[in-house]
Amino acid sequence: MKRLLDSLKNIVGPDAMITAASELMVYECDGFTIEKNRPDVVVFPTTTEQVSRIVDACNYFKVPFLPRGAGTSLAGGCLPVGGGVVISLARMKKIFDVDYRNRCALIEAGVINLWLTNHLKPHGYHFAPDPSSQGACTIGGNVATNSGGPHTLKYGVTVNHVMGVEFVMPDGEIIHTGGPVEDNPGYDLTGVIVGSEGTFGVAVKSWVRITRNPDTYRTLLGVFNSVDDATNTISEIIGAGIVPAALEMLDQMILGALEDAFHFGFPLDAGAILIMEVDGLEAGIDTEAERITSIAVKNGAREVRKADTEAKRTLLWKARKQAFGAVGRLASSFCTQDGVVPRSKLPHILREIQKIGAKYDLKICNVFHAGDGNIHPILLFDERYPDQVKRVLEASGEILDECIRVGGSVTGEHGIGVEKIDFMAKLFSPDDIAMMIRLRNAFNPTNNCSPQKMLPTAGACIEASKAGRMAAM
Amino acid sequence: MPLSESLNLNSFQTKTPSDVAEACDIIRHSASTLDAIVPSGSGSKMHIGYSPSRNGVILCTKNLNKLVDYPARDMTVTVQAGILVKDLTEMLNKENQRLPIDDPYPGESSLGGLLATNTSGPRRFGWGTLRDYVIGISILNDEGRETKAGGRVVKNVAGYDFCKLHTGAFGTLGIISQVTLKVRPNPEASSMVLLSLNSANVESVLDRVHTTKTRPVAVELLNRNALQQPLFKNLDLSSDYCLFVGFEHGAEAVKWQTETLAPELSDVPGKIDIIHGPSDSAIWRNLGMFQSTRIPGSPLTFKANIPSSKVASWCALASDTLPGLSLQSHAGSGIVFGHLPGDVSRQMAFDAITLLLQKAVRYQGNLVIPYCLEDWKSDFPVWGQVRPDIKIMRKVKESLDPKAMFNPGRFVDHI
Amino acid sequence: MEKDPLALHVLPGEKGFGTNVDYETFMDCVHCGLCLGSCPTYVQTGDENDSPRGRIYLWRAVTDGRTELTPEVRKHMDLCLECMACETACPSGVKYGKIISSYKHDMTRVLPPAPTVNALQRWMLFNLTPYANRMRLALMPVRIMQKLGLMWLVRLAGKFLPKSLRLLNEIVPDMEPHYGELPEILPAKGVKRARVGLILGCAADAFLPQANLATARVLQENGCEVWIPRTQGCCAALHHHAGLDTEAKKFAAANCVAFADGLGDGPNKLDAIINNAGGCGPVLKEYGHLLHGTPFEKQGESFGSKVKDIHEFLVELGPITPTHEVPLKATYHDACGLSHAQKIRTPPRQLMGLVKGLELVPLLESEHCCGAAGSYNITQPEMSRALGERKAKNILATGARAIFTANIGCLLQVDRYLRENTPSVWVAHPMEVLWAAYSGQFSPRLKAAIKPYIKD
């Protein structure tokens, strides 16, 4: 290890690495705190060449390594399982080249998602993926996990907006896939690197697509007496062929916490609210907003409010995006799940969640990307009571199993990480997983890069008791 | 010299399994005999790429064409890959939905073929390409097993995204047997604004269309030769270029955009026409079909991909190099299709293609040849300039198809 | 755990580290990381140890005994600006201020002063700065030199000064002459709408007297009778943030005495005590808490409840629209004390929006600390410089000819780093432009800034 540290020091210099135990501790977990492991060293490269040389050094000394952005993963994506070298890309935060004419930009992995959008704002553009953590999470992290966000309903997830990457392979080689020009011939390596959760290598720079801002928005707040009315509205809006920019549901319990945090003026007696946003051109947008309003009213909305100023809209979205954090006001610990169901199954899954909550005597609140069918039930508990922890784990597992049963998935945007690794075998057959392992081996044959992530290790038994874990504590 | 419409597959036997199990048997058998497998749907794109480097069988998926599940309210559809795109379109249309991908072979293409070749058309500017719509995929792998990735929900990050990998892989990594797609509602209205342009104005007009207040879903540029083709003959356009700007939205939005764009460009010399009509009207279809058109005697069709901002200058260079060239560009996306004139010699064509390829590569793009005379393929850059990431592509190929059974040699760098 | 020879240990018999804060405060942090992007030091270093989440984790670990208080831990804790941007960002409502304050207080308990500050600086910081008169006196020679146009001589001489003094020399802006002394009572203009007390501050009054003058005038203009008690002093923020509570309490009590006449229900009752420095407001508003358990507790509470930021107050009162046009492209930097600690973001913008001709353009990262942060520019010069330069870069990118911000520390810091590149940008308190718009009196620096806008 001493010799590895010396070579790392030669590469990045003493000011760009952390080796003291007390400092390394901060890197022992990310937004998922159930499992912790201290890395042996954290390095802060500033160039692709440095990343490549770091990877070389790790391979030479046979020490595992993994990249880290801002450490906001809710699935333990940044957890250094087995220790090793954490390659922090937080100092690589240059926005190199924004080409408005060709609608693309070259940026480094450590650029914070929201900075990019802020950078583009004066020119009338934005970066479409807008995960709730966008004020902190990095583009590199978005690329690794194929992040979503409320507005992916209309605009797509990260992979739909990444055109190419500069990538350090697990053997240290620097490659470029795709680029600023669309349709380069060959396999869509960019498409498969996005969302590979760091198991294919380290994405250091990305060519991303930038999106023109819509001319205008209509942001509506549908107030419903029951969750059922709200979910029926969602299916009917989608079924009617309307593609809103975003369609988000919040239930009564989460509304209370958000009101406490943001003083928006949410109706606290409502069973659920829907944030329904349409965007685009001024022409016709009111017609679209009216169609949505009438569907909501038809399904029992007791009122549909308009966020009629930009300030109100901003506050509403801020409240929505920071909902997970605000749950800290409801309980000392909570577990956020990330299931997906076909959109027409939303009323069903929410009723199931309610039943499961009652069965395990747990409070569960809901705030989620309804338009995508991406649910985020938040299970509240107190980590100091082992019995509650056990019940939360079991209830989470049951919810996710139900998602699978109705044809859904166990993660819509948080990723598998270490948290959901045991669910892979429930979603996929051994043959499917074997193909995934073959694909990983094409990029990362030694598995020295981000080991023990995404794919269950061959031969490891699947413990039902570990199903579902706390996403944040 | 005879015009060849297909790869050299003379000694290939065609097998048409009636279900997935039978297809898997065929693969397993070929695996044991080390025969090549050339996947085929309806056969509309069998001319693309190099001829296979080994003999074997053509595995035709046209009978794997069942609808598996169409929960219209979820706006997803799961079908077997051999389904004809037109049948899928018809089915979706009944629910007032669609897959907004242009099919250059309407009536012929299978969905699997469209996917394997990552085919797209004018609408890609507004609606994206197939990679944006495939959310689940099943693949018959080298061991004759059906493996899947993705799922049936619109948002899903569990496991690696094989959907992207197989889209545009030309069947070299396995056979696409089943696909789940996101679909879109049919647009309420559509319109097309046509602008006749002389060469000198193309670049500035394209720049202006880029910043127009409207939001086109298609920006198509055709040169004079292209406008003379039967597809567009009845439009009676004879300027140097014609720009087609297409809109598809709600009725009010389309009306507003149509009425806004024309005055925005009213100072450009040349006439402006407006064609109203549904999204499946002839003008849209014909713009989508140009790439697959065979101009009599034309020995070669290329597809270049360059930055959108370079379309005008690159097209000018191409026209200067080969005056008889028929060109269409999806100008918003930087894609240019060209059909060479019939009277061009092999050497002239080679020199021109080499020059245009170099220019495209300098812009970080490329140029491929979806169609040319079969015997030209030996020295023409069929798949453009090979890029350094070919190394990774080879590793992926070796890992997923270690016996090189699927379309051996057909794709990029004879992979 | 290996022992670090430099690590600090709690002496036997003493209460452990971190016991001065409710442990539940740590538990409120769910480790989501949403604070990271809001933290100027993290953004600068990229090291999560320099982020709010990291610092909470570190201090909790020290409290739990998972780690010793190593020099590394101290380095990261000391680097905190206490700008409280993280509290604004935190959706869980973690009271980060309590956690960092727990650290600061434990440090004063067991430690010598921060090693980056030398004795001379420390003396100046705590014995000169908080006393307006001493400060004014100390700055007198500089003012004269500036007046005589001899500042180049000072800057030249600066090269031969000890490093610590040179630093102070760099901070000093081009000063305007002091207004001297205002009458103790300034009458309201027109119908009297309120009677207010005005806090002049200490360093602010010495360095940038024009801001105080403008504040008083704007208040008069808005129908306020302004009382400026002669015996008022420093707000106590400087000592409070350094963990020097005894001194802080003394200053707070002194102010309670100075304003005593207006605190009760008597004829001289004040409707509000106005403060115009974002950095002082949070402490002034907390006098009740600060003086808890002292004989001044009641007065402190009354004092604190009356304190209003000038912008906050004017917007609540209903500001009178100024009539003179100020054709100027300007931008606004949110002082941390104002935006994060007092959550006052809109009122200054609303007030400046009243000025005809003033185009207020958004400033990227306007809510990021400029690096002044009280005495931070002296205790952490490197980080302070990095943040100051970043701020200056963002300001220049807007193309604005003026930058407004409502805190003395920010004004000096921004001025210092803009001066290095673009001395022509007018750095001022929002009240200054407001007063210009009320009075039509434009200072030379304002005139210089608006020059490009005046067409002949």
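The values are calculated or read from the model by the stated rules, or taken from the named source; none is laboratory data. Just so you know, these numbers come straight off a predicted model, no measurement behind them. FYI the Cβ positions are ideal-geometry reconstructions off the backbone, even for glycines, and counts take in every protein chain you see.
Exactly one residue out of B:VAL254, B:VAL245 is at pLDDT 95 or above, under 14 Å from B:GLU220 (Cβ atoms) and surrounded by 20 or more Cβ atoms within 10 Å (Cβ to Cβ): that is B:VAL245. Per the listing B:VAL85, B:VAL79, the residue uniquely surrounded by 17 or more Cβ atoms within 10 Å (Cβ to Cβ), without any contact (Cβ under 8 Å) to a residue 40 or more places away in the chain and of a type in the set (Val, Ile, Thr) is B:VAL85.
Note on segment B:140-167: among residues that are more than 7 Å from chain A (Cβ to nearest Cβ) and more than 21 Å from the chain's Cα centre (by Cα), the one that is surrounded by the most Cβ atoms within 10 Å (Cβ to Cβ) is B:LEU140.
The single condition among (1) at pLDDT below 70; (2) farther than 22 Å from C:ALA372 by Cα; (3) of a type in the set (Ser, Thr, Tyr) that C:THR116 does not satisfy is (2).
This table checks each residue for (1) aliphatic (A, V, I, L, M); (2) at pLDDT 65 or above; (3) surrounded by fewer than 18 Cβ atoms within 10 Å (Cβ to Cβ).
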site: C:ARG155; (1), (2), (3): no, no, yes
site: C:SER164; (1), (2), (3): no, no, yes
site: C:ASN169; (1), (2), (3): no, no, yes
site: C:ASP174; (1), (2), (3): no, yes, yes
site: C:PRO177; (1), (2), (3): no, yes, yes
site: C:GLU184; (1), (2), (3): no, yes, yes
site: C:LYS189; (1), (2), (3): no, yes, yes
site: C:ARG193; (1), (2), (3): no, yes, yes
site: C:ARG217; (1), (2), (3): no, yes, no
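Residue selection: A:GLY140 fails the criterion of being over 23 Å from A:GLY373 (Cα atoms), assigned to a loop (DSSP other than H, G, I, E, B) and in the same structural domain as A:PRO180 (by TED's automatic domain parsing).
If only residues of segment C:93-112 that are of a type in the set (S, T, N, Q) and at pLDDT 85 or above are counted, the one that is farthest from the chain's Cα centre (by Cα) is C:SER102. Do we have C:GLU297 as among the charged types (D, E, K, R) and under 22 Å from C:GLN342 (Cα atoms) here? Yes, satisfied. Within segment A:254-280, the residues that satisfy the criterion of being touching a residue at least 40 places away in the same chain (Cβ under 8 Å), surrounded by fewer than 18 Cβ atoms within 10 Å (Cβ to Cβ) and in contact with a Leu (Cβ under 8 Å, 6 or more places away or on another chain) are A:GLY256, A:PHE264, A:PRO267.
No other residue among A:ASN102, A:ASN118 is at negative phi, of a type in the set (S, T, N, Q), in a helix (DSSP H, G or I) and not assigned by TED's automatic domain parsing to the domain that holds A:THR48 apart from A:ASN118. The residue of segment C:254-287 that is surrounded by the most Cβ atoms within 10 Å (Cβ to Cβ), among those that are out of contact with any Gly (no Cβ under 8 Å at 6 or more places or on another chain) and of a type in the set (Gly, Ala, Ser), is C:ALA260. When we screen C:LEU387, C:LEU363, C:LEU411, C:LEU351 for residues that are aliphatic (A, V, I, L, M) and farther than 22 Å from C:PRO40 by Cβ, the only hit is C:LEU351. Considering segment A:282-349, the qualifying helices (runs of 4 or more DSSP H), each wholly inside and each with 1 or more residues that are buried (at least 21 other Cβ atoms within 10 Å of the Cβ), in contact with a strand residue (DSSP E or B) (Cβ under 8 Å, 6 or more places away or on another chain) and more than 12 Å from every other protein chain (Cβ to nearest Cβ), run over A:285-298, A:310-321. Check whether at least one residue in segment C:313-324 is under 30 Å from C:ARG193 (Cβ atoms), acidic (Asp, Glu) and crowded, with 18+ Cβ neighbours inside 10 Å, and report yes or no. No, the conditions are met nowhere in segment C:313-324.
Counting only residues that are without any contact (Cβ under 8 Å) to a residue 40 or more places away in the chain, not hydrophobic (A, V, I, L, M, F, W, C) and not in a loop (DSSP other than H, G, I, E, B), segment C:173-225 holds 2 of them.
Selection of segment A:414-446 for residues being over 21 Å from the mean Cα position of the chain (by Cα), more than 8 Å from every other protein chain (Cβ to nearest Cβ) and either buried (at least 24 other Cβ atoms within 10 Å of the Cβ) or closer than 21 Å to A:GLY141 by Cβ (or both) yields only A:ASN444. Residue check: is B:LYS397 assigned to a helix (DSSP H, G or I), more than 14 Å from chain A (Cβ to nearest Cβ) and within 19 Å of B:THR117 (Cβ to Cβ)? So B:LYS397 fails the test. If the condition is being among the charged types (D, E, K, R), more than 9 Å from chain C (Cβ to nearest Cβ) and over 13 Å from A:CYS78 (Cα atoms), then segment A:11-42 contributes A:ASP15, A:ASP40. Within segment C:191-234, the set of residues being of a type in the set (Asp, Glu) and in contact with a His (Cβ under 9 Å, 6 or more places away or on another chain) comprises C:ASP205 only. One residue stands out among those in segment B:249-305 that are assigned to a strand (DSSP E or B) and more than 30 Å from B:ALA352 (Cα to Cα): the one that is nearest to the chain's Cα centre (by Cα), which is B:HIS249.
Condition check: assigned to a strand (DSSP E or B), more than 13 Å from chain C (Cβ to nearest Cβ) and either surrounded by fewer than 21 Cβ atoms within 10 Å (Cβ to Cβ) or out of contact with any Cys (no Cβ under 6 Å at 6 or more places or on another chain) (or both). Does A:LEU66 satisfy that? Yes: the conditions hold for A:LEU66. If you filter segment A:115-145 down to residues that are touching a Phe, Trp or Tyr at 6+ places or on another chain (Cβ under 6 Å) and more than 12 Å from chain C (Cβ to nearest Cβ), you find that the one that is surrounded by the most Cβ atoms within 10 Å (Cβ to Cβ) is A:ALA128. The set of residues in segment B:218-231 being surrounded by fewer than 23 Cβ atoms within 10 Å (Cβ to Cβ) and either in a loop (DSSP other than H, G, I, E, B) or under 17 Å from the mean Cα position of the chain (by Cα) (or both) consists of B:GLN228, B:GLN229.
Listed by first and then second residue, the pairs with beta-carbon distance under 8 Å, at least 6 apart or on different chains, first residue in segment B:291-319 and away from chain A (no Cβ under 14 Å), second among the charged types (D, E, K, R) and in a helix (DSSP H, G or I), are B:PRO299/B:ARG346; B:LEU317/B:LYS359.
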